[in-house]
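Participant: Starting off with a structure, shown below.
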Amino acid sequence: MREQFGAFTASELYCPKCRKSQPVRERLLLVLPSGELHEYLCVGCGESLGERTVTNPPQPAKPLKPRRPEQPRRLLR
Ligand SMILES: [Zn+2]
């Protein structure tokens, strides 16, 4: 299942501080194991207007793992 966030490429967002629609700047906020968190900042006042998560690798449908008690694996003794 792939989510299309392509439609949500915000170039302008409403800024409550500026009280108008402002162009935004995208900034990489966080790198998560599942993807990257980007933040949209108002270029006028620097207010954070939104964020979005970019999941980088299109995840292949993983088969569910069979349920199995997890055992610590002994390596060399
Ligand atoms: Zn603003």
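Participant: With label points built 7 Å along Cα→Cβ from the Cα atoms of residue 64 and residue 52, find their separation and express it in nm.
Facilitator: For residue 64 paired with residue 52, the spin-label model returns 3.2 nm.
Participant: For labels at residue 71 and residue 18 in the simple 7 Å Cα→Cβ model, what's the distance in nm?
Facilitator: 6.2
Participant: Amide H to amide H under 5 Å from residue 22: which residues, 5+ apart in sequence or cross-chain, H placed 1.01 Å off N in plane?
Facilitator: 13, 14, 15
Participant: Hey, can you grab everything whose amide H is under 5 Å from the amide H of residue 55? Only 5+ residues off in sequence or another chain; H modelled, so Pro and N-termini drop out.
Facilitator: 36
Coordinate-derived values only; no laboratory data. Just so we're clear, the structure is a prediction, and the values are computed from it rather than from any experiment. When we count neighbours, we look across all protein chains shown, and the Cβ atoms used for this are built from the backbone with ideal geometry, even at glycine.
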